[in-house]
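This report refers to the structure that appears directly beneath it.
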Amino acid sequence: MPSYVLVIGELLIDAISCEYVDHLGQAASLSLHPGGSAANFCRFLHTYQVPTRLVAAVGQDGLGRQLLDHLRTIGLDTSHVATVAQHATTLIVVGRTKGTPDFIPYRDADAQIAPIADDLI
């Protein structure tokens with residue numbers, strides 16, 4: 001039986017406006033941050049020394065490399081994160097607001113998760 005938490009889902013870039021805006025059309029600049037609910041959950045568990053395996057997909061592009069580098073830098077296993085050549089890394093553009101955030105999802109590679117290997121379950 002596995003001795004880790006298996007997490008399956010999104011690994012993406014959140015592009016968040018640097019200033020508070022009422023809508024994204026007002027954003028003058030964006031800052032890039034690693035995101036995705038599954039990846040965020042893995043990072044949280046990792047801070048408490050809980051072993052995890054993240055199954056996700058990123059594009060074979062600069063943003064995908066940035067995400068993989070980030071996970072490796074903090075010590076997370078990336079061996080089950082697929083890199084897909086025909087799809088761009090998913091990007092979510094988010095307006096920093098004092099209310100409900102305005103956001104636009106550009107989904108692609110995160111929807112390309114391969115079937116889960118039997119030895120992971």
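The numbers here are math on the coordinates, done by the rules we state, and not lab data. Please read all numbers here as calculations on a predicted model, not as lab measurements. Quick reminder, even Gly has a Cβ in these numbers, built from the backbone with ideal geometry, and neighbours come from all protein chains shown.
Between the residues Ile74, Leu6, His23, the greatest Cα displacement towards the positive end of the dipole of the chain, with unit charges on the Cβ of Lys, Arg, Asp and Glu, is found for Ile74. Annotation: amide H-H contacts under 5 Å for Ala57 (H modelled 1.01 Å from N, sequence separation of 5 or more, or interchain): Leu11, Ala82. Between helix 37-47 and the chain there is an angle of about 70 degrees, using the helix long axis and the longest principal axis of the Cα atoms.
Treat every Asp and Glu Cβ in region 5-120 as -1 and every Lys and Arg Cβ as +1, leave all other atoms uncharged, and give the resulting dipole magnitude about the Cα centre to the nearest 20 debye.
Working: 7 positive and 12 negative charges, 43 e Å.
Using only the charged Cβ atoms, the result is roughly 200 debye.
Each semi-axis of the equivalent ellipsoid for the chain is √(5λ) with λ an eigenvalue of the Cα gyration tensor; in descending order they amount to 28, 16, 12 Å. Using the Cβ-Cβ distance between Leu6 and Arg65 with R0 = 22 Å, the FRET efficiency computed as 1/(1 + (r/R0)^6) comes to roughly 0.35. Specify the angular offset, from 0 to 90 degrees and rounded to the nearest 10, of the alpha carbon long axis of helix 62-73 from the longest principal axis of the alpha carbons in the chain. Computed tilt is about 60 degrees.
Compared with the alpha-carbon gap, the fully stretched path from Arg96 to Thr47 is longer by 15.0 nm at 0.36 nm per residue. Here Ser29 and Ala88 are evaluated by their C-beta separation; at R0 = 30 Å the FRET efficiency comes out at 0.90.
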